[in-house]
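The values are calculated or read from the model by the stated rules, or taken from the named source; none is laboratory data. Because the structure is a prediction, the values reported are computed rather than measured. Note: ideal-geometry Cβ built from the backbone for every residue, glycine included; neighbour counts use all protein chains shown. Only protein heavy atoms, including side chains, enter the accessible area calculation; ligands, DNA and RNA are left aside. Shrake-Rupley method; radii C 1.70, N 1.55, O 1.52, S 1.80 Å.
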2 protein chains.
Amino acid sequence: MKMSEIKIELTTNPKEKPAVDQLGFGQVFTDHMFIMDYTEGQGWHDPRIIPYQPLSLEPSSMVFHYGQSVFEGLKAYLTVNNETLLFRPDRNFNRLNNSNDRLVIPAIDEELALEGLKKLVTIDREWIPNAPGTSLYVRPFIIATEPHLGVHPAKNYLFMIIMSPSGSYYKGGINPVKIMVEQQFVRAVVGGTGEAKTGGNYASALKGQEIADREGYAQTLWLDGKENRYIEEVGSMNIFFKINGTVITPALNGSILPGITRDSMIQVLKSKNIPVEERLISIDEVVEAYQNGTLEEAFGTGTAAVISPVGELKWRDEKMIINNGEIGEVSQMLYDTLTGIQNGTIEDTFGWTIKL
Amino acid sequence: MKMSEIKIELTTNPKEKPAVDQLGFGQVFTDHMFIMDYTEGQGWHDPRIIPYQPLSLEPSSMVFHYGQSVFEGLKAYLTVNNETLLFRPDRNFNRLNNSNDRLVIPAIDEELALEGLKKLVTIDREWIPNAPGTSLYVRPFIIATEPHLGVHPAKNYLFMIIMSPSGSYYKGGINPVKIMVEQQFVRAVVGGTGEAKTGGNYASALKGQEIADREGYAQTLWLDGKENRYIEEVGSMNIFFKINGTVITPALNGSILPGITRDSMIQVLKSKNIPVEERLISIDEVVEAYQNGTLEEAFGTGTAAVISPVGELKWRDEKMIINNGEIGEVSQMLYDTLTGIQNGTIEDTFGWTIKL
Ligand SMILES: Cc1ncc(COP(=O)(O)O)c(C=O)c1O
Ligand SMILES: Cc1ncc(COP(=O)(O)O)c(C=O)c1O
């Protein structure tokens, strides 16, 4: 094992932890971070855990100019028995390497990254909030640091993991969201970077989000970039529809992020013998199902919210109210199952969790 | 005027300038940089020129995660009369604001930016190399600095201008390049960010570039993202074809960067009564012209090289050798005209240049 390689420098100046009832998202960070350098010729080296601190970078660092950055998002949970649990972290590091490949960033050692994460979570364990629904959000990311204004894959990178205690997504119970289908702007196209978790994908999505905001919608639902007709995903969630008893989600076609929650949901549905299909699904099919009364549920899936029921879906002038704007039966079951596995009240028969 | 607002702090420790015959590109920077902050509620503020120095940023700064970064590229030249000249810098700041709009970054004051640039170039004037073909490369850019892991337009930004003395693009005379048409990967699609100069666009292009490199080609020619059929542009240049006496370049359709050199070339061509068309042009049309002997010239245009003649264009198994792999007549005329205006040997009848 590579564990021994990870050097550790503990802070001498621990920060105060935020009150559990005042947790937000992604603004407060723990006392330590994991960091590792890449140098051409030498590869990834010097994995270490150090006090959380600013980075000093040249203004010509390539990440500021050419967007060579990828990231991941996962969570560490405290179970009801006070154990520390990670949910499918291997999938995140595997996806990070797929993103790396798309942006010509050298692959990381996934095992080493996982060992680094485990050590980091163990060191900052006191930062995992213990109220229901709370967790420690974990953000691995890689940036190109070579100070050079030439468009080419950088010769230097930083891989880091930072962590932020995060409040419950659903403070007042699960609230269905209003989502707007975007008509003009496009998030991704086959052949582009849609299936990778690159910084650029999120920047390009801000414009659609701004339009949705303005009209009072929480998020954007993206259609495909070629025909502007097939459903892809929401800003930071994959999307599922339950039509006439069958749960349908867009197939992974190269322009959709392969969500880990998405994959987990599909497995849970199959284990419960609920019909589930991964395939092309057009916005017209959804509208038709709505009009003939067979659109039973719609929900987004992602690490942040686990499940986000869609209460209203807007497409052009059509405002589709789904399941009376309430969470549906299947959505609720999926939410309960996944959060139960994550907080240790439901047995993990899938082998998804890692206890520290 | 806002000039008075720009504070200046000169370096007490000037760096050594590189020898003119050892100039590369984008690795050595001048003694000073321009910087300005954006804070929500306060707007852009504190424009200042300070010694070139590293940036200290939180690991959670949004530019590292969500790719909210845009940039520009232009040049300052020394004329044969030793005057300092900028080429259409107003177009660059205007395009920067278009890029800002696409990524929901607050607009900058274009006039103030131009004043800042003029002051900066004047202060670092000694850094402009004076050998033929050399220049001072100017890189304005904006990054999102808010330390927050939430996907939304940032509340804090930095706008900066850094400058790098750059060698002659054509040391041993103009060498036509070999370019490969990309089949699998896509740079941009209508509705995406292709017409903006965002960091993410360049990261997503690295994969195609890697393939071209491997096959011995200098750059990638991108086709459109919808039909993979229409010609868009090269990695960092717009593209022109001369077919049967007419110069043709892809129309600005929303997924192509509106190059300032491209626009200048079109104006020069018109002024010389050479037929020029901006329209859809498919790769099939180019291949057909090649096969029937009417493909006379092909060239890329951009700030870095001004003109880069295409000597070979590869599409699938077809290797098209254009104009015997030599620079064509029109390409040479355009190159001579633009570089003449830039070095002060040809009168600028277009009003493109600003003398400091
Ligand atoms: C664009 C996008 N789609 C889908 C997801 C859901 O992925 P996961 O379930 O792995 O969190 C995310 C969040 O990571 C995302 O950013
Ligand atoms: C993608 C792309 N296209 C075209 C160009 C040419 O633009 P300009 O002539 O303004 O330098 C550039 C360079 O800036 C570029 O990066």
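Quick notes
- For segment A:207-222, a tally of residues being open to solvent by 30 Å² or more (accessible area, probe 1.4 Å) and of a type in the set (Lys, Arg) returns 1.
- Count - residues of segment B:60-84 that are more than 8 Å from chain A (Cβ to nearest Cβ), more than 16 Å from ligand 2 (Cβ to nearest atom) and within 25 Å of the chain's Cα centre (by Cα): 7
- If only residues of segment A:257-280 that are assigned to a loop (DSSP other than H, G, I, E, B) and away from ligand 1 (no atom under 16 Å from the Cβ) are counted, the one that is nearest to the other protein chains (Cβ to nearest Cβ) is A:LEU280.
- Hey, B:SER204 within 16 Å of ligand 1 (Cβ to nearest atom) and either among the hydroxyl-bearing types (Ser, Thr, Tyr) or in the same structural domain as B:TYR77 (by TED's automatic domain parsing) (or both) or not: yes
- All positions within segment A:312-330 that are open to solvent by less than 10 Å² (accessible area, probe 1.4 Å) and either closer than 25 Å to A:GLN183 by Cβ or within 16 Å of ligand 1 (Cβ to nearest atom) (or both): A:LEU313, A:MET320, A:ILE322
- Among the candidates A:THR246, A:THR303, A:THR339, the residue that is of a type in the set (Ser, Thr, Tyr) and touching a Leu at 6+ places or on another chain (Cβ under 7 Å) is uniquely A:THR303.
- Top-ranked residue of segment A:318-356 - restricted to ones that are acidic (Asp, Glu) and in a helix (DSSP H, G or I), ranked as nearest to A:TYR290 (Cα to Cα): A:GLU329
- Residues of segment B:207-256 satisfying the condition of being of a type in the set (A, V, I, L, M, F, W, C) and part of a loop (DSSP other than H, G, I, E, B): B:ALA218, B:ALA251, B:LEU252, B:ILE256
- Residues located in segment B:171-182, provided they are out of contact with any helix residue (DSSP H, G or I) (no Cβ under 9 Å at 6 or more places or on another chain) and of a type outside the set (D, E, K, R): B:GLY172, B:GLY173, B:ASN175, B:VAL177
- Residue within segment A:214-222 that is in contact (Cβ under 8 Å) with a residue 12 or more places away in the chain and under 18 Å from A:PHE71 (Cβ atoms) present: no
- Applying the condition of being within 19 Å of B:ILE162 (Cβ to Cβ) and of a type outside the set (Phe, Trp, Tyr) to segment B:79-96 and asking which residue is farthest from ligand 1 (Cβ to nearest atom) yields B:THR84.
- 1 or more residues open to solvent by less than 30 Å² (accessible area, probe 1.4 Å), within 10 Å of chain B (Cβ to nearest Cβ) and within 21 Å of B:HIS65 (Cα to Cα): qualifying strands (runs of 3 or more DSSP E) within segment A:86-205: A:135-144, A:156-166
- A count restricted to segment B:87-107 and to residues that are touching a Leu at 6+ places or on another chain (Cβ under 7 Å) and within 16 Å of ligand 2 (Cβ to nearest atom) stands at 6.
- Summed over segment A:1-20, residues that are more than 14 Å from chain B (Cβ to nearest Cβ), more than 26 Å from A:ALA107 (Cα to Cα) and surrounded by 13 or more Cβ atoms within 10 Å (Cβ to Cβ) total 5.
- Restricting A:THR220, A:THR198, A:THR193 to those that are in contact with a helix residue (DSSP H, G or I) (Cβ under 9 Å, 6 or more places away or on another chain), of a type in the set (Ser, Thr, Tyr) and within 16 Å of ligand 2 (Cβ to nearest atom) reduces the list to A:THR193.
- Considering segment A:21-59, and only residues there that are among the acidic types (Asp, Glu) and either part of a strand (DSSP E or B) or over 30 Å from A:GLY167 (Cβ atoms) (or both), the residue that is farthest from the other protein chains (Cβ to nearest Cβ) turns out to be A:ASP46.
- Of all the numbered requirements in (1) within 16 Å of ligand 1 (Cβ to nearest atom); (2) within 21 Å of A:PHE350 (Cα to Cα); (3) away from chain B (no Cβ under 14 Å), A:THR303 misses one, and that requirement is (3).
- So A:GLU297, is it open to solvent by less than 20 Å² (accessible area, probe 1.4 Å), acidic (Asp, Glu) and out of contact with any Cys (no Cβ under 9 Å at 6 or more places or on another chain): yes
- Looking only at residues in segment B:223-256 that are open to solvent by 40 Å² or more (accessible area, probe 1.4 Å) and within 14 Å of ligand 2 (Cβ to nearest atom), the one that is farthest from the other protein chains (Cβ to nearest Cβ) is B:LEU252.
- Scan of segment A:331-356 for residues that are hydrophobic (A, V, I, L, M, F, W, C) and buried (at least 19 other Cβ atoms within 10 Å of the Cβ), ordered by number: A:LEU334, A:LEU338, A:ILE341, A:TRP352
- Test: residue in segment B:38-57 that is away from ligand 1 (no atom under 16 Å from the Cβ), modelled with pLDDT of 95 or more and under 24 Å from B:GLN342 (Cβ atoms): no
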